[in-house]
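Peer 1: My questions will all concern the structure given below.
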Amino acid sequence: MLSYIMWDVSPEIFTIPEIAGFGPFPVRWYGLLFAAGFLIGQQIMIYIFKKEGKTLEDIDSLTLYMVLSIVIGARVGHFLFYEPEVLFKNPLEVILPPYAGLASHGAVIGTVTGLWLYARSRRGTGQTFFWVTDRLTITFALGGSFIRFGNLMNSEIVGKPSDAPWAFIFRQNTEFLQIPRHPAQLYESITCFILTFVLFGIWNKYKAATPRGLMVGVFLVWVFTLRFLYEFLKENQEAFEANYALNMGQILSIPAVLLGLYFIIRSRQNPLEVAR
């Protein structure tokens with residue numbers, strides 16, 4: 001009986017053939033899941049906007065802000081944290097395909113910036129920074145689950161060797177030895193999916209009276225505490241990380257967790273303060 005799972009899934013679903021000199025264009029699982037996160041997240045926000053009496057026309061603008069800020073933040077973050085020499089020598093790499101390399105910590109920074117800009121543009125509508133951010137954490141958790149599952153489909157960000165019966169051999173990954181490994185991407189995907197329901201439950205309980213910053217705090221503590229722990233099960237993404245006691249993902253997770261704890265404590269100290 002096999003004590004591991006042979007993972008030999010192609011990252012490409014199909015290829016669109018060349019048309020009028022353009023292409024061919026491969027359609028990948030990662031891109032499909034990335035887009036699905038935005039599309040389903042948009043439906044969740046439509047539901048929330050309806051329940052709290054917000055203007056539905058603002059959803060399209062909010063989605064655009066999020067798409068741009070997350071993609072740009074994740075791309076810049078990858079080069080800034082993991083390949084700074086490329087960012088400074090050839091900054092066009094950030095915007096040119098193929099878009100290999102997205103950093104979740106960079107996505108967080110980009111998202112905060114985008115939400116601040118969006119909230120400024122909606123003054124007087126009740127859509128303050130924390131009102132929007134708290135509710136969007138539901139969609140962020142779901143998107144994070146989809147993205148990590150996309151990493152699994154790409155056979156990337158693989159785990160360290162493991163003798164667990166659910167260990168994967170990543171046949172499509174030629175960077176590391178093809179031996180049973182932790183499916184660390186799947187661990188993160190599952191826990192982010194669970195977080196989606198936890199956050200939705202918090203919002204569903206309080207709705208308009210959700211303590212300001214509570215959901216942001218729960219999101220940051222949950223995601224980045226687990227990210228810190230999961231990194232012990234992953235192979236390093238860059239060679240330089242082998243020289244550190246903690247890798248870059250762990251180092252960047254510490255301030256995120258501390259900030260999340262601050263938001264949770266602050267929200268509990270003002271339990272009657274609604275999101276505004």
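Peer 1: Considering the options Val216, Gly21, Gly77, tell which one lies farthest towards the positive end of the dipole of the chain, charges being +1 on Lys and Arg and -1 on Asp and Glu at the Cβ, about the Cα centre.
Peer 2: Ranked along the dipole, the leading option is Val216.
Peer 1: Over the chain, what is the relative contact order in whole percent, taking alpha-carbon pairs under 8 Å and six or more residues apart?
Peer 2: Working: 427 pairs, mean separation 57.8, N = 276.
Reported relative contact order: 21 percent.
Peer 1: Here is a further query. Counting only protein chains, not ligands or nucleic acids, how are Val132, Val9 ordered by accessible area (probe 1.4 Å), most first? Please report the intermediate quantities before stating the final value.
Peer 2: Working: Val132 0, Val9 40 Å².
Final ranking, largest accessible area leading: Val9, Val132.
Peer 1: For the chain, treating each Cα as an identical point scatterer without solvent, what Debye log10 I(q)/I(0) comes out at q = 0.07, 0.14, 0.15, 0.17 1/Å?
Peer 2: With no solvent term, the Cα-only Debye profile gives -0.28, -1.08, -1.21, -1.44.
Peer 1: Can you give the accessible area per residue of the stretch 189-245, in Å², using a 1.4 Å probe?
Peer 2: On the way: 2690 Å² over 57 residues.
I get 47 Å² per residue for the stretch 189-245.
Peer 1: Still on this structure: Note down the magnitude of the dipole of the stretch 1-68 about its Cα centre, charges +1 on Lys and Arg C-beta and -1 on Asp and Glu C-beta and zero elsewhere, to the nearest 20 debye.
Peer 2: Numbers: 4 positive and 7 negative charges, 46 e Å.
Its charge dipole is roughly 220 debye.
Peer 1: When we measure straight from the Cα of Lys50, which aspartates and glutamates land under 18 angstrom away, once same-chain ones fewer than 8 places off are left out?
Peer 2: The reachable aspartates and glutamates, counting only those whose Cα sits under 18 Å from Lys50, are Asp58, Asp60, Asp134.
Peer 1: Follow-up. Distance in nm between label sites at Ser3 and Ala35, each 7 Å beyond Cα in the beta-carbon direction?
Peer 2: So the two model labels end up 4.3 nm from each other.
Peer 1: DSSP H helices in the chain with Cα extent of 18 Å or more along the helix axis and mean Kyte-Doolittle hydropathy at least 1.0? Intermediate values should be presented prior to the final figure.
Peer 2: On the way: long enough: 29-51 (33 Å, 1.03); 58-82 (35 Å, 1.21); 104-121 (25 Å, 0.56); 129-153 (34 Å, 0.85); 184-206 (33 Å, 0.93); 214-230 (24 Å, 2.03); 248-269 (33 Å, 1.03).
Passing helices, by number: 29-51, 58-82, 214-230, 248-269.
Peer 1: Over the chain, with a Gaussian network built from C-alpha contacts below 10 Å, which listed residue (Asn204, Asn151, Asn247) shows the highest mean-square fluctuation?
Peer 2: Asn204
Peer 1: Please give the calculated 222 nm ellipticity per residue for the chain, where each DSSP H segment of at least 4 residues contributes -39500 (n - 2.57) and the sum is spread over every residue; nearest 500 deg cm²/dmol?
Peer 2: Working: 8 runs with 159 residues, N = 276.
It lands at -20000 deg cm²/dmol.
Peer 1: Which lysines does Lys160 reach when only Cα atoms under 20 Å apart count, and residues fewer than 8 places away in its own chain are ignored?
Peer 2: Cα-Cα hits under 20 Å: Lys234.
Peer 1: If you split all Cα-Cα distances of the stretch 25-89 into 5 Å bins from zero, what percentages do you get per bin, shortest first?
Peer 2: Using 5 Å bins, I get a P(r) of 4, 14, 17, 17, 16, 14, 9, 6, 3, 1 for the stretch 25-89.
Peer 1: Something else about it: What are the lysines whose alpha-carbon lies under 21 Å from the alpha-carbon of Lys54, with same-chain residues fewer than 8 places away excluded?
Peer 2: Lys205, Lys207
Peer 1: Measuring from centroid to centroid over Cα atoms, what is the spacing of the stretch 6-61 and the stretch 237-266 in Å?
Peer 2: 29 Å
Peer 1: Right, here's the next one. For the stretch 16-169, what does the relative contact order come out to in percent, with C-alpha contacts under 8 Å and a separation of six or more? It would help to have the intermediate numbers written out before the result.
Peer 2: Values: 142 pairs, mean separation 47.9, N = 154.
31 percent.
Peer 1: Let me ask something else about it. Between Glu52 and Ala245, how many nm apart are label points set 7 Å from Cα along the C-beta direction?
Peer 2: Between Glu52 and Ala245, the simple spin-label model gives 4.1 nm.
Peer 1: Considering the chain as a Gaussian network with a 10 Å cut-off on Cα pairs, which listed residue, Pro17, Pro84, Pro180, attains the greatest mean-square fluctuation?
Peer 2: Pro17
Peer 1: May I pose another question? Just reorder Ser267, Ser3 by solvent-accessible area, largest first, 1.4 Å probe, all chains present.
Peer 2: Numbers: Ser267 5, Ser3 65 Å².
Most to least solvent-accessible, the answer reads Ser3, Ser267.
Peer 1: Sticking with this one: Exactly which trypsin sites (Lys or Arg not before Pro) in the stretch 123-198 are in a DSSP loop and have at most 13 other Cβ atoms within 10 Å? Provide the component values of the computation, followed by the final result.
Peer 2: Values: sites: Arg123, Arg135, Arg148, Arg171, Arg181; in loops: Arg123, Arg171.
Sparse-neighbourhood loop trypsin sites (Lys or Arg not before Pro): Arg123, Arg171.
Peer 1: What does the C-alpha gyration tensor say about the overall shape of the stretch 181-227? Classify as rounded when a/c is under 1.5, otherwise prolate if a/b is larger than b/c, or oblate.
Peer 2: Values: a/c = 6.06, a/b = 2.26, b/c = 2.68.
Oblate is the answer for the stretch 181-227, as a/c is 1.5 or above yet b/c matches or exceeds a/b.
Peer 1: Here is a follow-up. List the GluC sites (Glu not before Pro) within the stretch 1-62 that DSSP assigns to loop and that have no more than 16 neighbouring Cβ atoms inside 10 Å. Don't skip to the end; give the middle numbers.
Peer 2: Details: sites: Glu12, Glu18, Glu52, Glu57; in loops: Glu18, Glu52, Glu57.
Counting only loop positions with at most 16 other Cβ atoms within 10 Å, the GluC sites (Glu not before Pro) in the stretch 1-62 are Glu18, Glu52, Glu57.
The values are calculated or read from the model by the stated rules, or taken from the named source; none is laboratory data. Given the structure is predicted, the values throughout are model-derived calculations rather than measurements. Every residue, glycine among them, receives a Cβ derived from its backbone with ideal geometry; neighbour counts consider all protein chains shown. Accessible surface is based on the protein model in full, side chains and every heavy atom, while ligands, DNA and RNA are left aside. Shrake-Rupley method; radii C 1.70, N 1.55, O 1.52, S 1.80 Å.
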